[in-house]
Each structure stands twice: as structure tokens, then as C-alpha cells.
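The values are calculated or read from the model by the stated rules, or taken from the named source; none is laboratory data. Since the structure is predicted, the reported quantities are computational estimates derived from the model, not experimental observations. Glycine also receives a Cβ, built like all others from the backbone with ideal geometry; neighbour counts cover every protein chain displayed. Heads up: the accessible areas ignore ligands, DNA and RNA and are worked out on the full protein's heavy atoms, side chains in. Shrake-Rupley method; radii C 1.70, N 1.55, O 1.52, S 1.80 Å.
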Amino acid sequence: CSQFPGDGGCGLFLPLFVRETQVVSEVSVQGSGLGLDARTSVSIVREDCVCGSVCSSPGATQLESSFDPVAEMLSVSFVGMAVGRLKVCANGMHVAAVEVIAAGCEFDGLSGTPCSESVCDGALDSEECQLVTAEYCAFHSEDRGCALYVPVFMRAANEATSIEVHSGALQGRGIVSAQLYEAGCACGDSSCASNAGSVTSVSGGDEGLVVVELMMSASRTFKLCAGAGSGSGVQYTVHLANVLVADISCQFHMSESNPCTSPLCEDPVSEECQAYTAEYCSQFPGDGGCGLFLPLFVRETQVVSEVSVQGSGLGLDARTSVSIVREDCVCGSVCSS
């Protein structure tokens, strides 16, 4: 398709990659014809999120991205946090899909590993499982699964917060200091310590448990790095965790009756909230949050199902042509299945 972009089949093509949960993965996408370059903005979001919008829980921790101008290839590395389908977005375009599948137990131990802990059963991305795994690795550094593991925590932007994490590398080292780095940088690289966040205090370390008080002002992924000691001579070479920061402030603003204030939207992906949001957006189509809204419905296989969509503002009427196609098909094109 990079050689024959005019082929009609290329308009239907979307690369699909399969990767496992909880390991660092990489995918590469051909950028020719898509207008991608080294300045391309890349994000990985859940399947139900819209490329270019703010998604409160992306489903993956993005580590870094790069563009090879000779091969015209865009590469992005990430950690898939849970089983499911993800979108790779570049400059607001959906350029690839990633199917994240369950990995086998990555730890060597026959018992007592995070794989056997109830808090990790079906919830590898939960904070409880992250803490259990970090503690296990602090005391079992010889387990090869721990060499692959970096805990990931999700926090809100512009809110003071704390992170507790075990670190075998800092156990018994006395005073501990911490600093935030941009996700694409190595811990200890003083040239790219982040100015979009700050560490206000660090405690612990003697027993391996480090407690960091911090605040981030930007919505992206940071590395939380630490080192023994204090002052200008600290080497921040220990990668404590990745911190995924999201702006969870309300995206709707034109009325006090917006979806953020409705009890129907305590679960924002519930069908009741979908219907309420659609009705709100039909009344306030100029609200910026409505430009990010796409209804999501859940239905079972092999049964007659129905969905209803608010048509005001979309130019729909009785003559509207409707079709239902696979996610990788382009609306308005001919899809083989």
C-alpha cells in the first residue's frame, strides 16, 4: 500500500498486531502517505476512545516513539495493561490496532508469585496488584519475571498525590531521593528531567518501601526514578515506576446539567449515561465535550439486538443509509465481511 496507495483495498487496510499484557512491546507502522514525520504526535488508547480526544484510562502505558525518515516507519513502545483491543493514533488518525492478550505467568516461582495472588486475578493493572508485584520483586530480584516488571500507576493531573512502591535496589540504602523524567528518557539522564511535574517529599527506603509525594501538571506518561542520598550528587538510576497522568476534569462546560453532574453517569460507559450524553449534546452541540463523544453499546452474539442514536445535529432523517461494519472497515467503503 505504500507503493500503490491508490488501490481501493488499501483504503480498507488497518494493521493489526497481537501483543501480551504486562511486557514492553513495540509496533511499527508504515508512515508514507499518512503525512507522518519526526514531529508526529502518537498515542495508544482503548478501542472505545476516539483518536485525538482525551481518554481517562488509555489501557496502555506508552513509553516512547520514534520515526525513521529513510524507511518512513513510525515505531512506538508501550506496555499493554489489560486484555482487549487498543488503537494506535498518530496526529489524531487511527493508524493501527493492537490486540492485547493474556500472558502466561512471567515469574519463575512455583508458589507465592503475583500470578497466584487474588488481587491480580483478572486485574493485572489494578493498583493493588501493582503493589503486590513490586513487593514480590523487591525480595525476589533473582526471579526473571522481575527483570521485565515496572509498576504503572495512574494519577490525575494538577492534584497532589502519593505513590508507594517497593524497591529492592534501594533497600537499606538510607535516605532516598526521587525525580520525574519524560517517558522516552533513561533514568539518570539529567538532560531531560521533566519540568511538568515535581516531587515534594520522599520517605522510607530502609525496608524497601519508598513513599513519594508528587504532582504532575501535564497529561502524559512519566518515569519516576530514584537514587540513594540527597542533594545535587544523587544518581537517579533506579526506575521505580511509570506514572500515567490523565486530565480527568470535566470535558463539558455549557450547562450545569452536563453529563459530569448527572447521577446517571456515575458509570460513564453505562448505557444510561450514553443516552443522557447524547441527549445533552443534541441540546448543546457547541459544547467542546460533545466533539469527543461517540456512543458505545455492548451487545451479545447471536441474538437480535437494537441500538438507538440521537440524530439531531448529524443531518439524519428517514432516508438515511445505515450500515454496521467491522472496526477495521472505513464507513462509506465496501467491506468484504
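Among the candidates 24, 29, which residue alone is within 30 Å of residue 268 (Cβ to Cβ) and open to solvent by 70 Å² or more (accessible area, probe 1.4 Å)?
Every option except 24 fails the conditions.
So which residues in segment 266-279 are within 19 Å of residue 53 (Cα to Cα) and part of a helix (DSSP H, G or I)?
273, 274, 277, 278
Kindly evaluate residue 146 against the criterion of being surrounded by 13 or more Cβ atoms within 10 Å (Cβ to Cβ) and either touching a residue at least 24 places away in the same chain (Cβ under 8 Å) or among the aromatic types (Phe, Trp, Tyr) (or both).
On the way: surrounded by 13 or more Cβ atoms within 10 Å (Cβ to Cβ): yes; either touching a residue at least 24 places away in the same chain (Cβ under 8 Å) or among the aromatic types (Phe, Trp, Tyr) (or both): yes.
Yes.
For residue 290, all conditions in the list (1) in contact (Cβ under 8 Å) with a residue 40 or more places away in the chain; (2) open to solvent by less than 50 Å² (accessible area, probe 1.4 Å) hold save one; what is the number of the exception?
(1)
Could you check segment 200-213 and list, in sequence order, the residues that are part of a strand (DSSP E or B) and either without any contact (Cβ under 8 Å) to a residue 24 or more places away in the chain or closer than 24 Å to residue 136 by Cα (or both)?
Within segment 200-213, 201, 202, 203, 204, 209, 210, 211, 212, 213 meet the criteria.
Output the residues belonging to segment 280-301 that are assigned to a loop (DSSP other than H, G, I, E, B) and not aliphatic (A, V, I, L, M).
284, 285, 286, 287, 293, 295, 297, 299, 300, 301
Go through the residues of segment 57-68 one by one and say whether even a single one is within 20 Å of residue 1 (Cα to Cα), modelled with pLDDT of 85 or more and open to solvent by 30 Å² or more (accessible area, probe 1.4 Å).
Yes, segment 57-68 contains a residue that is within 20 Å of residue 1 (Cα to Cα), modelled with pLDDT of 85 or more and open to solvent by 30 Å² or more (accessible area, probe 1.4 Å).
Within segment 38-56, take every residue that is at pLDDT 80 or above and not hydrophobic (A, V, I, L, M, F, W, C) and give me the one that is most open to solvent (accessible area, probe 1.4 Å).
The residue in question is 39.
Kindly indicate the residue of segment 103-124 that is at pLDDT 75 or above and of a type in the set (Gly, Ala, Ser) and also most open to solvent (accessible area, probe 1.4 Å) among those meeting that condition.
Among those that are at pLDDT 75 or above and of a type in the set (Gly, Ala, Ser), it is 118.
Answer yes if at least one residue in segment 96-111 is part of a strand (DSSP E or B), under 16 Å from the mean Cα position of the chain (by Cα), within 25 Å of residue 210 (Cβ to Cβ) and not acidic (Asp, Glu), and no otherwise.
No, that holds for no residue.
Within segment 231-239, can one find any residue that is among the aliphatic types (A, V, I, L, M), outside any loop (DSSP other than H, G, I, E, B) and under 17 Å from the mean Cα position of the chain (by Cα)?
Within segment 231-239 (the criterion being among the aliphatic types (A, V, I, L, M), outside any loop (DSSP other than H, G, I, E, B) and under 17 Å from the mean Cα position of the chain (by Cα)), the answer is no, since none of the residues qualifies.
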